[in-house]
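This report refers to the structure that appears directly beneath it.
Derivation of every value follows stated rules applied to the coordinates shown; laboratory data play no part. On a predicted model such as this, the values are computed, not experimentally measured, just so you know. Quick reminder, even Gly has a Cβ in these numbers, built from the backbone with ideal geometry, and neighbours come from all protein chains shown.
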Amino acid sequence: MREVSRLVRRQPLGAAGGIIVLALVAVAVLAPRLAWHGPKEAGFAPYLPPSAEFPMGTDQVGRDVMSRVIWGARLSLYVGLVSVLFGITAGSLWGAVTAYLGGAADTGSQRVVDAVMALPPIILALALMAALGQSVNNVIIALVVLLTPTAARTIRSVALGVVASPYMEAARAVGASRWRIICRHLIPNCLAAYIVLITTNVSYAIVVEASLSFIGAGAPPDEPSWGGMLTAGIQALETAPWMILFPGLAISLAVFGLNLFGDSIRDVTDPRLRGGLG
Amino acid sequence: MTIAQALRTLAGLALLAALVAPAAHAQDKPRPGGVLTWFDYGDPGRLDVHAESPLVVQQATAGIYSGLLHYDPDDPSKIAPDLAERWTVSPDGKTYTFYLRKGVKWHDGQPFTSADVKASFDRILNPEFQSPKCGASLKPMVAAVEAVDASIVQFRLKFPAAPFLPSLASAWCRVAAKHILAKYGDLNQPEAQIGTGPFKFKKYERGSVIEWEKNPNYFIPGLPYLDGVKQFILVGGPTQLAAAKAGKVMLWDAWPPMRKTQADELARARQDVDIFQASINTIFLVYLNAQKAPFNNPDMRRAVNLAIDRQEMVAKALEGAGVPCAILDPKLSGDFALPLEEVNKVPGCRQPKDADIAEAKKLVEKHYPGGVDIEVAVRAVGNYVDRAQLAIAQLRKIGIRGTLKTHESAAGYAAWGKGDFTLIATQDRAMDVNDPSGVFHIAYTTEGGSNYGRMSDPKIDELAERALKESNKDKRRQAYWELQRYILSRGDTATIAVAWVEGWFFTDKRLRNYKPGLTTYDNNTFMKVWISP
């Protein structure tokens, strides 16, 4: 508790971000209990303005916007967390291992990373969605493809520093096997950077998912995607502005909170601020 | 006032009237010049009016071609001569002789003759040639087409058929040049758009614009009044509405119609337009694939027929602009349509829907105790995606869990044609002719060009054929009533009539002599339209 209150005093913005993230997670987990209606339940009159019965109004097919925003938190968090966990983890392992192996393995893999990173991310994502088809899980696959090379490049640079350190040389000198060195020494010393990548890329993943759904290439239109809700809202901008307002606020708040939280995590775990690796 | 003053006042008023009247009269006189702007809801891609069925194709080429007959631009309810200046019918009603205009030239200067008519209709009527519009209408009726001489053509029918002339006058039954068909093999390319119509094909920029320019050698002197027509390719309701509000287009007369909310927005943005509600002779259908599970099972088809809430679809998806449940719309088909009071009592159409939903649930549970997951397909045009989401919500109540799959417009049609779907949540079918036979031969008969569900019922075929061949109006009406009652009582058809679609449209107040056709395809040639200053 003392440590927590010390952290809050040191990182007030991070704490605020953390509260927002906690709230987002709570809404996502408790969606079935918090939402008043199912996300695809269309039994109400369309284009109803916000009221006591529908605090965020209804949409063009008569669905409760508030329920869809709440369920959308679950979808966004699911997409954000799963894609980041798989993409960043895969990329981090790739970067760390190739950095240790060096030589042709490292050079070759970095050329692959260069090639993928040369493509504009949204174009690459669109091409993948066109090939895979519209579904929430395919959005995750597309995001994994986007995130993996970025993570590989970042963790590789951290790993190169670790590889050159004296204790790594000592481990080699005492005859530790290559994989023992990678698993017992290299990867744990890249964890800080890995955690920063995870926390800072969840918001990126949420924005990409919302963007893909907004242009009709992400989650299917009936899924409660915040981005997809913006698309439907644009068709009725004058008639029912609440259809854009509330999902837009949700995206903004989620990304704001995650960014604040992620920045704070980076500040706390950055060795330059902590006085070096232990 | 003295008498002299009164007389002077009267004289002054008379002089004023004499000066003003010609100017006012001149406003109503056709005025040459100007380019009409409107839009196509999608990119046509292929331009072969004989082989294609999407409205975007017909719109793109409407002014380029002429038919033997057409719907009178001055009175679209009447059939009028076009390339045929007159026609006769044999006493047995089976031979139609058309006397062609002389001196007509194709846009490339070649002379028009009966050989062009024969080449066009031999192509359309060829059993191996897929012609989902003109061919689908004429093939059941026409036995052969002969060129008697260079300016006379005869159509021999299999039986006296009341819909023959309305079908021939359809915007899809256009005459193409024999030498162009020989050169290109089809009419898909812009270079093959050589017609005898009031406009020449000027430009086609994929995804952007289609342009026509005035045909200075059109066979009706003085026409067209317009210098040209520009169709912007505008995909999506917001884009179309934005263009309308910005004054980029002068009319909205085709599919998809505006919704009420869009019409209200336009009315707030522009005071220089006339906005009106109308039917577009288009039926909103749901299709079930009767060739594969789960809808090769009649119980499952019946369940969907019961569960679809047509009234909710009209209220939400069409914003109240539509006639739910009717297979024929009384407003369009008159007394060929079953009375709506009778239709609205049929299972699937009756309200409230509790009994229908309960029965539908039992039918699904009988075959799929835990419910069933299906793919619900839809083309991403108009507000089809919204309709599909409503359909998914409705089917969820009976244990059918739908996952939405959207297709780009042309890709969707290709999928429907191949039977590559389980359920099509919505597909509007516009009637080619305002005749009761249309909807049955398009969507219900075994050979129907849009019988995507591929369900074959010999009784439907027999009843539709009988009604088509009946020349006595009362007996024809009875035949169509029997056909409608049979389809509704079957309750497990793979084609489900949800509603006849209506909507809102607008024309710029400067547009003169534009009269919407009885179908969404007719009177898109703009041959007699002009723009006032």
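Descriptive notes on the structure:
- Mean separation of Cα pairs under 8 Å and 6 or more residues apart, divided by the residue count, gives the stretch B:362-499 a relative contact order of 18 percent.
- Charge tally around B:K473: other residues with Cβ under 14 Å, Lys/Arg +1 each, Asp/Glu -1 each, net 0.
- The alpha carbon centroids of the stretch B:423-452 and the stretch B:56-75 are separated by 21 Å.
- Rounded tilt (10° steps) of B:260-269 against the dominant C-alpha axis of chain B: 30
- Look at the alpha carbon pairs under 8 Å that are at least 6 residues apart: their mean separation over the length of the stretch B:294-349 gives a relative contact order of 32 percent.
- Whole-number percent relative contact order across chain A, with pairs defined as alpha carbons under 8 Å at least 6 apart: 26
- Ordering B:Y480, A:Y78 by the number of other Cβ atoms within 10 Å of each residue's own Cβ, fewest first, gives A:Y78, B:Y480.
- For B:T37, the amide hydrogen comes within under 5 Å of the amide hydrogens of B:K230, B:M250, counting only partners 5 or more places away or on other chains and with H modelled in the peptide plane.
- Using the alpha-carbon positions of the protein assembly as shown, Rg (one decimal) and Dmax (whole number) come out as 33.0, 132 Å.
- Assigned charges on the beta-carbon of Lys, Arg, Asp, Glu; the stretch B:281-502 dipole about Cα centre (debye): 420
- If you take the Cα centroid of the stretch B:246-299 and the Cα centroid of the stretch A:148-218, the two points sit 52 Å apart.
- Taking only alpha carbon atoms, the stretch B:281-502 gives an Rg to Rh ratio of 0.94, where Rh is the Kirkwood radius.
- Rounded tilt (10° steps) of A:136-163 against the dominant C-alpha axis of chain A: 30
- In this structure, the amide hydrogen of B:K405, modeled 1.01 Å from its nitrogen in the peptide plane, lies closer than 5 angstrom to those of B:V376, B:A377, B:V378, counting only residues at least 5 positions away or on a different chain.
- Among the residues of B:399-406, the average count of other protein chain beta-carbon atoms within 10 Å of the residue beta-carbon is 3.
- Legend: mean number of C-beta atoms from other chains within 10 angstrom of residue C-beta atoms, peptide B:248-261, equals 1.
- Neighbour cut-off at most 12 other Cβ (10 Å), DSSP loop, trypsin sites (Lys or Arg not before Pro), the stretch B:194-227: B:R206
- For B:I64, A:I244, B:I531, order by how many other beta-carbon atoms lie within 10 Å, fewest first: A:I244, B:I531, B:I64
- DSSP bridge pairs, the stretch B:281-502: antiparallel proportion in percent, nearest 5: 60
- Rounded FRET efficiency, nearest 0.05, which uses the C-beta distance separating B:K183 from B:K248 and R0 of 35 Å: 0.45
- Within the stretch B:174-188, backbone nitrogen closer than 12 Å to the virtual label 7 Å beyond the Cα of B:D122 toward Cβ: B:178-179, B:182
- Amide H contacts of B:W500: B:F284, B:V323, B:C325, B:A326, each under 5 Å away and 5 or more positions distant or on a separate chain (H built 1.01 Å from N in the peptide plane; Pro and chain starts excluded).
- Modelled spin-label separation between B:D108 and B:K292, with each label point placed 7 Å from Cα along the Cα-to-Cβ direction: 4.3 nm.
- Sorted by Cβ density within 10 Å, fewest first, the residues B:K361, B:K418, B:K397: B:K418, B:K397, B:K361
- Computed from label points 7 Å out along Cα-Cβ, the spacing between A:R10 and B:K29 is 9.0 nm.
- Cα→Cβ-extended label distance, 7 Å offset, between B:I220 and B:D264, nm: 4.0
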